[in-house]
Each structure stands twice: as structure tokens, then as C-alpha cells.
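A.B. asks: This structure is in C-alpha cells; I'll ask about it shortly.
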């Protein structure tokens, strides 16, 4: 029975270790995106979300240090000071109230978006490529254009290359794919909805 | 493998995961992989932005209180979670109140025409 208990323990520890490693790895390679971890509905970063995140880490890490730092063997503390609950309560309460204020002000709910022109491109294509321009929608006048990342959704036919801060050129592939094939050009920036343009061959 | 070895392994797994996640998020915040756009700006009723001192003070007090508590926990040898120093909760409550007041003021008042 002791051997079975130990084997079960090894399996659980291995599984937990692999799970934790996989989560961290996926975050690092971008498979799990944390880009909007502290963002609100409109894409702006939220101080109350950041505060709640910081306190959650601090309290969890502190609790863990206390548990493993026990004299003889790891032991959960007998009681948690009420101040710790109050700390988390103030932080969570502040977050909830800020959400209420946010929902009373529509501009705080709309995320700025990137808009591509032209949004639809059809054959025949010019040999020099198709120029695209980006503008910003759903944002106050004067909002600066962010750094853009251009990409092609699968099937990634042709190539896309930035030519300036707000422009890019899509070059058609040779030979052209089957008639009717659709490819999406995507412009991305943190805090903005993606800008899309659809190419139809 | 003994039970104590397993417990030792679990401790390291948890500490590596929590620290790894904290470091990953900190790096993400500092490098821009996690968006901090307009973190210190308030959105006004007309959608425009203004620099927000109340957010700066909230950030400063949050970091100060978090650091102080983490240090207390690291140096604690009693096996108990350290209590928060006197006045900390009042300070945090006041700081959050100022932040929420500023947020509400920005969201609800009409922006003066310039």
C-alpha cells in the first residue's frame, strides 16, 4: 500500500510539474496570450486590475513562504490575519466600483480599431502590388497610430510588407491560386481591434 | 522515493511556477507584450484622455504596500502570516477612494471646451 501511495504521489507531482511547465512555456511562446491581462473592454490598461493582480501574487507567494518556512514540516497557518482579507477586499471592491463607473461612460467600453483601405481586393492585381493604408476608428481625435504588425491568415498567398508607419504593400503570388481563393491581410497592434482586408483571387 | 522527497519536490514546483508566472508577467508589462496603454491616463466623458495623478499615487502605494508585505512574509519565522502594519488598510482605502473619485469625476463631468 505504501508503494502504491508513493507511486500515486509521483504521478501527481509529475503531472503538476508538467502542467505548470507547459503553461509557462505556452505563455512564453505566445500560445497563451496575456496581452490583455490588465486591459479593459476598450483596450486601455486598468489600474484596479493591475493592483488586484499584484496583491494576488503577493498574498499567494507570502502564504506559500509561510507554509514551507514552518519549523518542522510544511504546515498551513492556523489563521490568516483579517487585514489580509480586508486588503484583498478593498482591491476587489475598487475593481468592481471602477467597472460600474466604466459602464456609465460609453467611451470607456469601445475599443479603438484599425481600419484597412481597401478592405476588399479582387483580381486582376497590379504587378507592382496592392497598396494598403491604415486608419484608426473608435478613438478620440489625435490618437497616435501604434506600431503595426502585418500578417496573412492561412492560406498565406503572396507576401505583405510594410512600406511606412501606416502603409503596406501586398504582392500577389506567382502562379496565382485557384479562382475564388480568399486570403485575409491582418494589421495588428496592442490595444486595437485588428484591421482586416480580404483578397479574392 | 520518500514522502518527504515528494513534499520537497512539490514545494519547488509551486515556487518555480509562481515565481515564473510573476517574472513572465513582470517582463511582459515592462516590454509591452502585456498592454499597459493609457495605464496612467483617465478616459473623459467625450472619450479623450488626460494624465491622471490619482492613478500614479495608486500605483505607488500599491507597490509600496505589496513590497512591504512580501518582505515581512519572507522574514517571518513564527509560521504565521504577518499582520499588516497599523494604518496600511486606511492608506490603501484612501488611495483607492482617490482613484475611484478621480475616475468618476473624469467619466461623468463635461469636458470644458478649449
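The values are calculated or read from the model by the stated rules, or taken from the named source; none is laboratory data. This is a predicted model, so every value here is computed, not measured. Neighbour counts are summed over all protein chains in view; Cβ atoms, including those assigned to glycine, are modelled from backbone coordinates with ideal geometry.
A.B. asks: Report, ordered by the first and then the second residue, all pairs with beta carbons closer than 6 Å, sequence separation of six or more or different chains, a first member in the range A:46-57 that is facing chain B (nearest Cβ under 7 Å), and a second member that is in a helix (DSSP H, G or I) and crowded, with 21+ Cβ neighbours inside 10 Å.
C.D. replies: Going by the 6 Å Cβ cut-off, the qualifying pairs are A:47/B:55; A:47/B:58; A:51/A:91; A:51/B:62; A:54/B:62; A:55/A:91.
A.B. asks: For residue A:30, indicate whether it is at the interface with chain B (Cβ under 8 Å from one of its Cβ atoms) and either within 28 Å of residue B:70 (Cα to Cα) or within 23 Å of the chain's Cα centre (by Cα) (or both). First the steps, then the outcome.
C.D. replies: Numbers: at the interface with chain B (Cβ under 8 Å from one of its Cβ atoms): no; either within 28 Å of residue B:70 (Cα to Cα) or within 23 Å of the chain's Cα centre (by Cα) (or both): yes.
Criteria not met by residue A:30.
Each row is one residue, and each column tells you yes or no for (1) assigned to a helix (DSSP H, G or I); (2) more than 22 Å from the chain's Cα centre (by Cα); (3) at pLDDT 90 or above.
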site: B:38; (1), (2), (3): no, no, no
site: B:57; (1), (2), (3): yes, no, yes
site: B:60; (1), (2), (3): yes, no, yes
site: B:67; (1), (2), (3): yes, no, yes
site: B:81; (1), (2), (3): no, no, no
site: B:93; (1), (2), (3): yes, no, yes
site: B:111; (1), (2), (3): no, yes, no
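A.B. asks: Does the range A:20-45 hold any residues that are on the phi > 0 side of the Ramachandran plot and either touching a strand residue (DSSP E or B) at 6+ places or on another chain (Cβ under 6 Å) or without any contact (Cβ under 8 Å) to a residue 12 or more places away in the chain (or both), and which are they?
C.D. replies: The answer is A:30, and nothing else.
A.B. asks: Of the residues A:34, A:25, which is closer than 19 Å to residue B:31 by Cβ and at pLDDT 90 or above?
C.D. replies: A:25 is the lone residue from the list that is closer than 19 Å to residue B:31 by Cβ and at pLDDT 90 or above.
A.B. asks: Further question: Can you give me the number of residues within the range A:15-41 that are over 15 Å from residue B:38 (Cα atoms) and in a loop (DSSP other than H, G, I, E, B)?
C.D. replies: Residues flagged as over 15 Å from residue B:38 (Cα atoms) and in a loop (DSSP other than H, G, I, E, B) within the range A:15-41 amount to 5.
A.B. asks: Among the residues of the range B:42-55, how many are modelled with pLDDT of 85 or more and buried (at least 17 other Cβ atoms within 10 Å of the Cβ)?
C.D. replies: 4
A.B. asks: Look through A:143, A:179 and report the one residue that is out of contact with any helix residue (DSSP H, G or I) (no Cβ under 9 Å at 6 or more places or on another chain), closer than 21 Å to residue B:32 by Cα, not in a strand (DSSP E or B) and not assigned by TED's automatic domain parsing to the domain that holds residue A:42.
C.D. replies: The conditions single out A:143.
A.B. asks: Is it true that residue B:34 is more than 30 Å from residue A:141 (Cα to Cα) and either at pLDDT 90 or above or at the interface with another protein chain (Cβ under 7 Å from one of its Cβ atoms) (or both)?
C.D. replies: No.
A.B. asks: I've got another one for you. Could you check residue A:147 against (1) within 12 Å of chain B (Cβ to nearest Cβ); (2) in contact (Cβ under 8 Å) with a residue 12 or more places away in the chain; (3) surrounded by 13 or more Cβ atoms within 10 Å (Cβ to Cβ) and say which number it fails?
C.D. replies: (3)
A.B. asks: Show the residue pairs that are 6+ apart or on different chains and have beta-carbon atoms under 9 Å apart, the first residue being within the range A:1-19 and free of Cβ contacts under 8 Å to residues at least 12 places away in the same chain, the second being surrounded by fewer than 11 Cβ atoms within 10 Å (Cβ to Cβ).
C.D. replies: Pairs found: A:6/B:2.
A.B. asks: State all residues of the range A:114-144 that are within 14 Å of chain B (Cβ to nearest Cβ), in contact (Cβ under 8 Å) with a residue 12 or more places away in the chain and on the phi > 0 side of the Ramachandran plot; if no residue qualifies, say none.
C.D. replies: Result: A:138, single match.
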